Amino acid sequence: MVRTGKSPGSAGVAPRARAAGFASSMLAAVTCLRAAPGMAVCLALPCLFACGGQEFTAGSPGTATPDASLDAANGGGPGFCASQPAGLALCSDFDEQPLPENWNDIVANGGSPVSENDAGSVSPPNSLLASTPALSAGEPMTQAFVTKTKLPAGATHIAFEMRVDELSFPSGAAGASLVPVLYTQRGYEIILGFVPSPSASPFEFDLVEASLDQLPDGGTTYTAHDLTSLFTQGSGLGEWQSITLDLDIDHGSNAAVVTVGSASSTVTLRPPTGTANGARTFSLGLQATPPTGETKIRFDNVTYSAAN
């Protein structure tokens, strides 16, 4: 399912989006994170539905099979990044150095910052833990991210492990969303996130395109692609999921292939003209737009590569 909407440039306006099967409001919240000194990275967050009531909490999080090459700090040989091929623009296993490690910056707004945490990982001992508190309607959004700027252009392959330990949307969670992944290039953003589901499922998992400043009034247009079928729900939550995002925008194919575990889906992208120029920015963590329950998501073994 594909839904489209737009956000006027004037502040404080809640635009209307109508899509197949839905007559729901899209509340576009746009915020700027300080990703590096002198640089502002704008993250556009679409909030897609007026629904909710489902909740997930991992009472006993699953444990993935550790990587074959344990981190040197754990006494088991070379770490995950040391075992990867040369030429990666980014590799991060959250084990070798304290944060910000191989990232440019840590972003925290309204809650706890991301942290290296040893309560669960794919390559021991640590993973990145992003958490946000329970938020009531009307409270400001909360952010906790690591961000990498000035990444190379080209056909892009992003891979990481992700585990959702806790995620909930209270009843009547209109406009709520939880965003763990953000990718930005000139005037264009790709967002992977969760929104309340209109069905009995705990959530919907979407890829959202945000084309910035594309309207006559400087507003933003959004296109949401429903990828919920890729993400294991129910008992699968609380377990590590291998996620890859393959993007080819610079070469004109305008396609994204999202893979979660062994399931994948190809999305036809609609980037505005001129987005192929300039460096990229990639962020992992959590951005919560209320109302949401307490949320905890872990990441491990992150790689980013690009080929011209």
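Bear in mind that the values in this text are calculations on the coordinates, not laboratory data. As the structure is a computational prediction, the values presented were derived from the model and not from experiment. All Cβ positions, even for glycine, are placed from backbone atoms using ideal geometry, and neighbour counts span all protein chains on display.
Here are the numbers for the structure shown:
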| quantity | calculated |
| --- | --- |
| Extension reserve of the Ala279-Ser83 stretch, reckoned as 0.36 nm per residue once the Cα distance is removed | 67.9 nm |
| Ser171 versus Ala263: modelled label distance in nm, points set 7 Å from Cα along the beta carbon direction | 2.9 |
| Potential extension, Glu139-Ala108 segment - 0.36 nm per residue separation minus Cα distance | 9.6 nm |
| Built amide H within the under 5 Å cut-off of Leu90, gap 5+ | Tyr304 |
| ³J(HN,Hα), Karplus 6.51/-1.76/1.60, whole Hz, each residue of region 278-291, x for Gly, Pro | x, 6, 10, 10, 10, 10, 10, x, 6, 10, 10, 10, x, x |
